[in-house]
Structures are given as C-alpha cells and as structure tokens.
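A short write-up of the structure that comes next.
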Amino acid sequence: MGQPRYTVEYDSYLGLDRWQVVPGERLLAPSLPAVRPTCRVVALGGGTGLPILLQGLKTALFPAGWTWVPKRERDRLTAIVTVADDGGSSGRLRRAYRVLPPGDIRNCLLALSDGDPTMAAIFNFRFSGEGEMAGHSLGNLILTALSQLESDFSEAVERGSEILAIRGRVFPSTLEEVVLRAEFPDGSWVEGESRIPLVRRPLSRVHLQPEDVRALPQAVEAIRAADLIVIGPGSLYTSLIPILLVKELAEAIAGSGARVALVMNLMTEPGETDGYTGGDHLLAIRRHAPRVPIHTVLINSAPIPEMLIERYAAEGAAPITMDPEPVSTLGCRPVARDLLGVGPTIRHDPHKLAQAVLELATELPE
C-alpha cells in the first residue's frame, strides 16, 4: 500500500505556528469558481494572514489529481513576503547570523506544502523549555542553514520549496536587510517591526531603512506577469505597507495591468490600527503607495460572535467597519462575502477567502 495522501492544514484553534498534517484526500472547498489554467495570482503580505490565503488558493488553483506540480506550473500562485520582521525566533536568528527573517517565509512554505508529511512536521517543530534553542522553529533553523550553504537567501527559500514540494512559489520582497521605522504625529519615532505595536500610539507613517532597497527580480517579474494581485489580509503597517514601500514592487504593481484586490482585515490591531475603519486602511495604503491601484476590496459580511468580540475587546481589538465614502472616493469596488472562519479565534476561513478571490479571477478578460 502506498503512502496516504495528505494536506498541511492551518489550525485556527492553535494559532499561526501550529500546522497539522491531515491524512487522507486533499481537502477541497465546495463550488469553487472555474478559473482559466493560465491565470496567475500573486499574493502580498506576511504574518498570520498570508498563509491562510495561500492555503485556500493552493487547494483551488492546482488540480487535486496532481501528485506533484511541474516547475513550469508553479507560477499560477506566487507569494511575495515581507522581510521586516525582527521579533521572536526570526529576530534572534537575524541578529545572530545576519540572515533575512525566515519565520514568515516558513509559514508560507508550510501553507503551500504538499510533500512528505514528515518534512512538514520537521519544519513545523518548535523547541520548548528554557535552553538556548527554546522558542526556535526548526524550519527557521533549516532556512538559516540553507542560506549559509547557498550564500543566497532566495536560493535557500527555493531549496526549502523543493524539500516541502510546495504548490506555488514563495519569494522574499527583497534580499537586503531592512528595518521598519514608524513616525508619530508629534515627530517622535521608533525603529523595529516588533517594537512598533508596543508604543500604543497612533501612527502617521512607516518607512523602510534604507528607503532605496532593491526588489527581488523574480518578485518583480511575477507581478508584471500577474492577472490578479491580492494584498492581505495582514497587519497594515508591519506586513502589507512594508512590501509596497519597496519602490520597484509598487511600480511593478502600478504598471502591471493586473486587477488588484485588498482583503480587509476582520479586526483592528492594538498599537497599530486602533480605531481604524476600512476606509482608514485604504487611505493609509494610498498615503504610502499613491501609485498602487486598489480596484476591489473584499469585506467580510458574516456576523462575528459577540462572545469573541468581547474577548478581543479586552485586548484592545474591535471589528473593522466599512465607511463607504473613502471606498467611493478612491474608486474601489466593495465586495462583501462571508469570509469568517469557525472556531475560538477571529480569522478568515481559507477556503471561503479563496472562493471570493477566484470569483474576482473569473471576471478577468480572457
């Protein structure tokens, strides 16, 4: 008897860094829209949101009957991931080895994984206890080791992609070391992605240091060839905008001719988007990347259970409401769908989100 088929599924009950290997048939979303085989989707982001989107799109864009994805077909789905993270295991490795932060990349690789379940479990393993390894993800360590063996972080990611037999492609936004800097209305500032939410004050702008970083050429090419570009979901100032601050990527989006969609977050984030409406998110993106068009905004229409709202309110988060004026002023088309996942956390459902995204793809010209 051959090895059973499986998929690596995001477990919203346990959080971002917990992925489970599920034996049996590939999990399929019902009634997915038919998308032409040549359609290319590029997803931008990082953190907790991007892997959820990728999990759903992986299932939808690649035929369930394929036991492996030919390299020439992997460009159907491309993830471009922020590299501004400086907290947790990624931050420790970044400071110790001058490597780009591997954590968000690793989570995207796991979301797209379709290879040996043992390798997926290895990449997902996190050390516990109180020793020097405590808190480190083994996948982060493997990507760090590969980056030293290859002397090129993008090649390390490619090797990780091959190990996990991913469906799609994952690219860092840049190969340069960047620091995220936030400015506040009184002129003060703070540096470091992990420190920004701790200040708990309204932000006016964020910047990359240095500002003139070069984009990864493969990421630019993917955007230029894209039919649909999806921004988010993800932390506005620490995951989404940092990618758009890479000027070559923003220029590529502006000149691509692709349909651009923003997936609106479900909740505000304490210390980052306190009190923000959906319109405030759009205006912040326009302020930082004025040439990047947003044609469509995907909005959740399903009610969030009151018990969860109360629990999140204790941490300073609230549901995001959509104000129609900025949406109309900026020329965006709002599309409301049930995008809510089921469980004790407030998260997008990967398959519902993929279905909504692919509905946009069916509107594209042949």
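The values are calculated or read from the model by the stated rules, or taken from the named source; none is laboratory data. Please read all numbers here as calculations on a predicted model, not as lab measurements. Glycine gets a Cβ as well: all are built from the backbone with ideal geometry, and neighbour counts include every protein chain shown.
Across the range 172-188, which residue is nearest to the chain's Cα centre (by Cα) among those that are surrounded by 15 or more Cβ atoms within 10 Å (Cβ to Cβ) and not in a loop (DSSP other than H, G, I, E, B)? Ranking the candidates gives P172 first. Quick check, is L228 under 16 Å from the mean Cα position of the chain (by Cα) and buried (at least 20 other Cβ atoms within 10 Å of the Cβ)? So L228 passes the test. Applying the condition of being β-branched (V, I, T) and in contact with a helix residue (DSSP H, G or I) (Cβ under 9 Å, 6 or more places away or on another chain) to the range 92-130 and asking which residue is modelled with the lowest pLDDT yields I122. Kindly indicate the residue of the range 189-200 that is touching a residue at least 60 places away in the same chain (Cβ under 8 Å) and more than 17 Å from G88 (Cβ to Cβ) and also surrounded by the most Cβ atoms within 10 Å (Cβ to Cβ) among those meeting that condition. This residue is V199. Against the definition (without any contact (Cβ under 8 Å) to a residue 40 or more places away in the chain, within 21 Å of A361 (Cα to Cα) and either among the acidic types (D, E) or in contact with a Phe, Trp or Tyr (Cβ under 8 Å, 6 or more places away or on another chain) (or both)), how does E248 come out, yes or no? No.
Among the residues of the range 139-160, the one identified as surrounded by fewer than 23 Cβ atoms within 10 Å (Cβ to Cβ) and in contact with a strand residue (DSSP E or B) (Cβ under 7 Å, 6 or more places away or on another chain) is S154.
When restricted to residues that are in contact with a helix residue (DSSP H, G or I) (Cβ under 7 Å, 6 or more places away or on another chain), under 17 Å from V327 (Cβ atoms) and not in a helix (DSSP H, G or I), the range 266-288 contains 1.
Exactly one residue out of P233, P293 is modelled with pLDDT of 95 or more, surrounded by fewer than 20 Cβ atoms within 10 Å (Cβ to Cβ), under 20 Å from the mean Cα position of the chain (by Cα) and not in a helix (DSSP H, G or I): that is P293. For the range 86-100, the tally of residues that are of a type in the set (G, A, S) and in contact with a strand residue (DSSP E or B) (Cβ under 7 Å, 6 or more places away or on another chain) stands at 1.
Of all residue pairs spaced 6 or more apart or on separate chains, those with beta-carbon atoms under 9 Å, a first member in the range 45-63 that is over 18 Å from V83 (Cα atoms) and a second member that is in a strand (DSSP E or B) and charged (D, E, K, R) are Q55/E9.
Looking across the range 246-259, just one residue is closer than 17 Å to A284 by Cβ and either aromatic (F, W, Y) or surrounded by fewer than 22 Cβ atoms within 10 Å (Cβ to Cβ) (or both), and that is A250. For the range 292-308, give me each residue that is under 19 Å from V327 (Cβ atoms) and not aliphatic (A, V, I, L, M). Selection gives P293, H295, T296, N300, S301. Scanning the range 201-217 for residues that are surrounded by 12 or more Cβ atoms within 10 Å (Cβ to Cβ) and not in a strand (DSSP E or B) yields R201, P202, L203, S204, V213, R214, L216, P217. Looking across the range 87-108, the residues that are surrounded by fewer than 24 Cβ atoms within 10 Å (Cβ to Cβ) and in a loop (DSSP other than H, G, I, E, B) come down to G87, R98, V99. Any residue in the range 286-303 that is under 29 Å from G168 (Cα atoms) and touching a Gly at 6+ places or on another chain (Cβ under 6 Å)? No: the range 286-303 contains no residue that is under 29 Å from G168 (Cα atoms) and touching a Gly at 6+ places or on another chain (Cβ under 6 Å).
Residues are listed down the side, and each one gets a yes or a no for (1) in a loop (DSSP other than H, G, I, E, B); (2) in contact (Cβ under 8 Å) with a residue 60 or more places away in the chain; (3) more than 17 Å from D86 (Cβ to Cβ):
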| site | (1), (2), (3) |
| --- | --- |
| G129 | yes, no, yes |
| E132 | yes, no, yes |
| G135 | yes, no, no |
| N140 | no, no, no |
| S154 | no, yes, yes |
| A165 | yes, yes, yes |
| V170 | no, yes, yes |
